[in-house]
């Protein structure tokens, strides 16, 4: 009789409590530009998919070229961006955001964590 071992997937997700204790850090390759209205414009490098790189090389292009994207933050996003200093934890960013805009703590947590998750997905920030 054969015995099958079930392979357990190792989850790369962390708990909510662990995530709130993390410190967000800005990617050093992201260029920050202050606009006249006080908002922030972020210019960040974009990693190309390997198949696109192969296609570019096949047609005589240089795949080493760096592609960038831009993201303009609104007032709320700019405030959160300014709080990302390598010292403030996610929890502290949420608290300060809630205080400034007079949000309930839970509402601020949902908004800030979604925003930070999106910045992380784009490679603009990381968590330490």
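For this structure, a couple of remarks:
- Any hit, the range 64-82, residues being out of contact with any strand residue (DSSP E or B) (no Cβ under 7 Å at 6 or more places or on another chain), in a loop (DSSP other than H, G, I, E, B) and modelled with pLDDT under 95: yes
- Subset of the range 83-101 that is without any contact (Cβ under 8 Å) to a residue 24 or more places away in the chain and farther than 22 Å from residue 39 by Cβ - its residue that is farthest from the chain's Cα centre (by Cα): 95
- Residues that are out of contact with any strand residue (DSSP E or B) (no Cβ under 7 Å at 6 or more places or on another chain) and not in a helix (DSSP H, G or I) were ranked within the range 40-59; the one that is modelled with the lowest pLDDT is 49.
- Candidate set from the range 86-127 (those that are in contact with a helix residue (DSSP H, G or I) (Cβ under 9 Å, 6 or more places away or on another chain) and not in a helix (DSSP H, G or I)); member that is surrounded by the fewest Cβ atoms within 10 Å (Cβ to Cβ): 104
The values are calculated or read from the model by the stated rules, or taken from the named source; none is laboratory data. None of the values given here were measured: they were computed from a predicted structure. Backbone-built Cβ (ideal geometry, glycine too); neighbour counts: all protein chains shown.
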